[in-house]
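Since every read-out is calculated from the coordinates, none of them should be taken as a lab result. Treat the numbers as computed from the prediction; the structure is a model and nothing was measured. Glycine also receives a Cβ, built like all others from the backbone with ideal geometry; neighbour counts cover every protein chain displayed.
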Amino acid sequence: MISSHLPILQVVVPLIAAPLMVLLRHGALAWLLAVGISWTALAIALALLAEVAGGGLISYALGNWPPPWGIEYRVDSVNAYLAVIVSMVAAVVVVYMRRSVEAEVPRERHYLFYTMYALCLAGLLGISMTGDAFNLFVFLEISSLSTYVLIALGRDRRALMAGYQYLIMGTIGATFFVIGVGLLYLETGTLNLADMAARLPRVTDVRPVLAALAFITVGISLKLALFPLHLWLPNAYAYAPSAVTAFIAATATKVMVYVLLRFYYSVFGESAVFSALPMGGILLALSLAAIFIASVVAIFQDNVKRMFAYSSVAQIGYITLGVSFDSATGLTAGIVHLFNHALTKGGLFLLLGGIALRLGAVRFDAIGGIGRAMPLTSFGIVLGGLSLIGVPATVGFVSKWYLVLAALERGEGWIAFAVVASSLLAVAYVWRFVEVAYFREPAGKIAELKEAPASMLVPAWLMIAGCVYFGLDTALTLGGAGDAAKVLLRGTW
Amino acid sequence: MNIASHYSYWATIFLTVGGLYIVIARGNLVKKLIGLAIFQTSVYLLYIAPGKLIGGTAPIVAEQFQVYSNPLPHVLILTAIVVGVATLALGLALVVRIREAYGSIEEDEILAQDRDAA
C-alpha cells in the first residue's frame with residue numbers, strides 16, 4: 001500500500017523530521033534522524049526511478065484532490081533521475097557532516113543545523129516531485145531560506161555577508177519566477193504544469209506568455225548561477241561550512257537546471273522556446289562565456305574553495321551548453337553532467353573540508369606540501385580535478401565527449417573545439433593545486449598534520465571513486481540521462 | 001486597451017521597479033531589505049487584482065449571486081506573504097549578526113573591512 005505514496009513520502013519524511021529535530025534539542029540525535037531521512041530519501045528515489053524506467057509516469061493526487069484542481073505530484077524519468085542525484089549526495093554528505101559540523105559549528109547550534117539541512121532536503125526533493133507551479137515556488141523558497149541560514153553558519157564572518165547577498169539575489173530570482181508563474185496563471189487559469197502545457201497553445205494573447213518565459217528564465221538563471229548572474233555563488237561556496245558547500249554545490253544548482261528544463265520542454269514546449277525565439281543562441285553565448293571567463297577567474301584565486309566555486313560556475317556552463325543544443329545528444333550531455341558534476345564537486349568539496357578540519361583554512365599559501373601530510377585527501381583532490389578537466393576514465397570525460405558529439409552533430413566544429421580548449425583552463429587551475437600540494441616542502445605545521453578522520457574520508461572517497469567508476473561504466477548514468485532527454489523531447493508530460 | 005482601466009497594473013509595475021531600484025541603489029542593508037519587501041509586495045498585487053470581478057461576490061453558492069470573484073489568487077498570495085515575511089525576518093536577523101560582527105550595516109564599509117583584512 002505504501003508504495004503508491006512514494007512521491008509524497010519523498011517530501012514529507014524530511015519535512016516532518018525538521019520540527020522533530022527542534023523538539024529533540026540534541027545534536028547527536030538530530031544527526032541520527034538526518035541520516036535516517038537521507039537514506040530513506042535515497043531508497044524512495046531509487047524505487048521511483050525503477051518504477052518509471054522506460055518512459056513510465058506516476059501521477060499522485062495530493063489529499064486525493066484530482067488534478068488539475070488539487071496539487072499533483074508527477075514523476076517521470078527526469079524527476080526521478082534528479083531525485084536520485086539529490087538524495088544520493090544527501091545520503092553520502094550526511095555521514096560526513098557529523099565530524100565536520102562538530103568542528104565548524106558551535107555545539108548548541110548543532111540540532112538547528114540539522115533542522116535546516118532537513119528543510120533544505122525537503123525543499124529540493126519537493127521541487128523535483130511536484131507538478132504544480134506554485135507548489136514549486138513554495139519548495140523553492142523552503143530550500144532557499146534554509147540554504148541562506150546554512151551558509152551564514154560558516155565560521156568566517158564573511159559567511160554572514162555571503163548569506164545576506166545570496167538572500168537578496170535568491171529572493172529576486174524567486175520573485176521573478178513567481179511573476180512569470182503569475183502571468184502564466186492569468187493566461188491559462190491553471191497552475192498544474194501539465195494542464196498549463198495543454199492550455200498554452202490555445203492562448204491567443206502571446207505577449208504575456210513571452211514575458212512569463214523571460215521572467216522565469218531570468219529568475220531561475222539567477223538561482224542556477226548562469227553567467228553573469230552567478231555573483232552570489234563564489235562567496236557563498238567559499239565561506240559556508242564545508243559540509244554545506246559540498247551539499248549545495250552538488251544539489252541546489254542542479255535542481256534549478258531541472259526547473260528550467262521542465263519549463264522549457266514540458267510547459268512552453270520546445271518549438272516555442274528554441275524555434276520561435278533565439279533562446280538556444282542566448283544560452284550558447286552565456287554558457288561559453290561562463291566556461292571561459294569563470295575558468296580564467298578560477299586560476300587566479302588564492303583560496304582553494306573559492307577556486308573550485310568559480311570552477312562550478314564554469315561547469316554549470318557545460319550543463320547549459322548541452323541544453324542550448326536542443327538535441328537528444330545535447331540534452332543527454334547536459335543531464336548526465338548534472339550527475340557527473342554533482343559527484344565530482346561533491347567529492348572535491350568534501351575532501352577540502354577534511355583539510356579545513358585539520359588546518360582551519362584552505363588558502364594556497366597555507367597548504368604547501370600537504371600532499372605528504374595528507375596523501376589520501378590530496379590524491380582524491382587530484383583525481384576529482386582530473387574529472388573536472390575531463391580526462392578519460394573519469395565522469396568528466398563522459399560529459400565532454402557527449403558535448404563534443406552534440407556540437408559535431410550540429411556541424412559546429414568550433415563549439416567542439418571550444419569545449420576541448422576550455423579543458424586546458426581547467427588543467428591550469430587543477431595544476432596549481434598539484435604544484436602547491438606536491439612540489440613544495442611541507443612547512444612547520446603542515447608536516448605534523450594527520451589524515452582526515454575516516455568518517456569524513458570515506459564519504460569523500462566514495463564520491464571520488466564514483467567519478468572513476470561511472471567514468472568507466474556509463475550504462476546507468478547515461479541510460480538514465482538518455483531516458484530523461486527522450487521524455488523531455490517528447491514534449492507532453 | 002485603455003490605460004486608466006488598467007491602473008492596478010500601473011501600480012504593480014511602479015512598485016516592482018521602485019522596489020528593485022531600492023535594492024540595487026541603496027548600500028544600507030536594512031534599506032535593501034525594505035526595497036526587497038516592496039518588490040515582493042508588488043507581486044501580491046499582480047496576483048490579486050485580476051482575481052477581482054467588478055460586482056462579483058465571494059464564491060458562496062446562493063441564488064441571488066451570479067458573479068463570483070476568483071478566490072484562488074488570494075489563497076496563493078496568503079502563502080506568498082508567509083514566504084515574504086520569513087524572508088524579511090531572516091534577512092533582518094542576518095543584518096543583526098552582520099552588525100555584531102562588523103559594527104556596521106553599510107555595504108561599502110563592510111566590504112572595505114573585508115578588503116583590509118585580506
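Would you please name the residue that is nearest to the chain's Cα centre (by Cα), looking only at residues in region B:65-81 that are of a type in the set (V, I, T) and more than 10 Å from chain A (Cβ to nearest Cβ)? Top of the filtered list is B:I81.
For region B:17-30, the condition holds for at least one residue, the condition being that it is in contact with a strand residue (DSSP E or B) (Cβ under 9 Å, 6 or more places away or on another chain), outside any helix (DSSP H, G or I) and in contact (Cβ under 8 Å) with a residue 60 or more places away in the chain. The set of residues from region A:127-162 being at the interface with another protein chain (Cβ under 10 Å from one of its Cβ atoms), of a type outside the set (A, V, I, L, M, F, W, C) and touching a Lys or Arg at 6+ places or on another chain (Cβ under 9 Å) comprises A:S144, A:R157. The one condition from (1) in contact with a Leu (Cβ under 6 Å, 6 or more places away or on another chain); (2) buried (at least 24 other Cβ atoms within 10 Å of the Cβ); (3) farther than 30 Å from B:P73 by Cβ that A:A122 does not meet is (3). Within the option set B:A62, B:A89, being in a helix (DSSP H, G or I) and more than 8 Å from every other protein chain (Cβ to nearest Cβ) holds for one residue only, B:A89. Look at (1) closer than 23 Å to A:G491 by Cα; (2) in contact with a Phe, Trp or Tyr (Cβ under 7 Å, 6 or more places away or on another chain) and you find that A:D302 fails only one, number (1).
Please verify whether region A:148-166 includes one or more residues that are more than 21 Å from A:G353 (Cβ to Cβ), in contact (Cβ under 8 Å) with a residue 60 or more places away in the chain and surrounded by fewer than 23 Cβ atoms within 10 Å (Cβ to Cβ). There is at least one residue in region A:148-166 that is more than 21 Å from A:G353 (Cβ to Cβ), in contact (Cβ under 8 Å) with a residue 60 or more places away in the chain and surrounded by fewer than 23 Cβ atoms within 10 Å (Cβ to Cβ). Restricting B:K31, B:K52 to those that are among the basic types (K, R) and more than 17 Å from B:V95 (Cβ to Cβ) reduces the list to B:K52. Look through region A:434-457, keep the residues that are without any contact (Cβ under 8 Å) to a residue 24 or more places away in the chain and within 20 Å of A:L383 (Cβ to Cβ), and return whichever of them is farthest from the chain's Cα centre (by Cα). So, considering only residues that are without any contact (Cβ under 8 Å) to a residue 24 or more places away in the chain and within 20 Å of A:L383 (Cβ to Cβ), the one farthest from the chain's Cα centre (by Cα) is A:F439.
Only residues that are farther than 24 Å from A:L348 by Cβ and either buried (at least 24 other Cβ atoms within 10 Å of the Cβ) or without any contact (Cβ under 8 Å) to a residue 12 or more places away in the chain (or both) were counted across region A:283-323, and they come to 2.
Taking A:T329 as the residue in question, decide whether it is buried (at least 24 other Cβ atoms within 10 Å of the Cβ) and in contact (Cβ under 8 Å) with a residue 60 or more places away in the chain. Taking the combined requirement at face value, the residue does not satisfy it.
Just to be sure, is B:K52 of a type in the set (K, R) and within 21 Å of A:I172 (Cα to Cα)? No. More than 11 Å from every other protein chain (Cβ to nearest Cβ), of a type outside the set (F, W, Y) and surrounded by 13 or more Cβ atoms within 10 Å (Cβ to Cβ): which single residue out of B:G51, B:G84, B:G18 fits that description? Being more than 11 Å from every other protein chain (Cβ to nearest Cβ), of a type outside the set (F, W, Y) and surrounded by 13 or more Cβ atoms within 10 Å (Cβ to Cβ) holds for just one of B:G51, B:G84, B:G18, which is B:G18. Restricting attention to region A:402-433, the residues that are free of Cβ contacts under 8 Å to residues at least 60 places away in the same chain and either of a type in the set (K, R) or more than 20 Å from A:A290 (Cβ to Cβ) (or both) total 4.
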